[in-house]
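Following: one structure in structure tokens, then a few remarks.
What follows is calculated from the coordinates using simple rules that are stated; it is not laboratory data. Computed from a predicted structure; not experimentally measured. Every residue, glycine among them, receives a Cβ derived from its backbone with ideal geometry; neighbour counts consider all protein chains shown.
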Amino acid sequence: MSYVPHMSILPILIHPDPRLKKVAEPIEAVTDKLRKLADDMLETMYDAPGIGLAANQIGVLQRIIVLDCVKEEGEEPRPLVMMNPEVIAESDDVGVYDEGCLSIPEQYAEVERPAVVTVRWLGLDGQTHEEEFDGLWATCVQHEIDHLDGKLFIDYLRPLKRQMITRKMQKLKRELARG
Ligand SMILES: [Zn+2]
């Protein structure tokens, strides 16, 4: 491939923001513009640092997510770019993780999700991929797919807890706006 990416770090939207509540549109074809977007999203995610990022979080309402849940020092990174990702099978077994989100900085809460999921997606190679994920990968991929449907991890929490976090984020946004 002759395409040489020039990556940039994109600003990440902070909750509450209407774009985080929108359902993203399916991707029809892999274009150079999408390849560039994917590179920028990976760069933005690694810079944050985070283990996943969905296009809604940078204000792009297209169904594309990036993730890399390799956390061990010295282990090879595994950047994954998924377009139109969907969970096609999930386990009855559940896993609980203390989840966070780049759009909800420094707030964490336990969320229960299926422990193992099979995901199908369109890759940057134009091919359909299918893979089973467990552990942190399973949680992360479900969290990111939720973003594409306008859903945040705090939507799984009880209303009071969710409102408390939202108020904190509103305060944070006011502080950021003031500079
Ligand atoms: Zn998130």
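A compact table of results
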read-out	value
Cleavage-rule hits, GluC sites (Glu not before Pro), the range 66-168, DSSP coil, Cβ neighbours within 10 Å at most 15	GLU72, GLU73, GLU75
Alpha-carbon gyration tensor eigenvalues x 5, square-rooted, for the range 1-101, Å	22, 19, 16
Average projection area in nm² (convex hull over Cα atoms of the range 7-61, one quarter of hull surface)	3.9
Kirkwood Rh (inverse of mean 1/r, distinct Cα pairs), the chain, angstrom	16.8
Neighbour-limited loop hits for trypsin sites (Lys or Arg not before Pro), the range 63-128 (at most 10 other Cβ within 10 Å; DSSP other than H, G, I, E, B)	LYS71
Cβ-Cβ FRET estimate between LEU160 and GLU25, R0 fixed at 30 Å, reported to 0.05	0.35
Long-range amide H partners of ILE27 with built H, under 5 Å	ARG63, ASN84
Spin-label model distance (nm) - SER8 vs ALA48, 7 Å beyond Cα toward Cβ	2.0
The range 126-179 - convex hull of the alpha-carbon atoms, volume per residue in Å³	140
P(r) of the range 75-179 over all Cα-Cα pairs, binned every 5 Å from zero, in whole percent	2, 11, 18, 20, 18, 12, 9, 6, 3, 0
Chain lengthening between ARG35 and GLU132 when straightened (0.36 nm per residue, less Cα-Cα)	32.5 nm
J(HN,Hα) series, the range 27-37, from Karplus relation 6.51 cos²θ - 1.76 cosθ + 1.60, nearest Hz, glycine and proline x	8, 8, 8, 7, 10, 4, 4, 5, 4, 5, 4
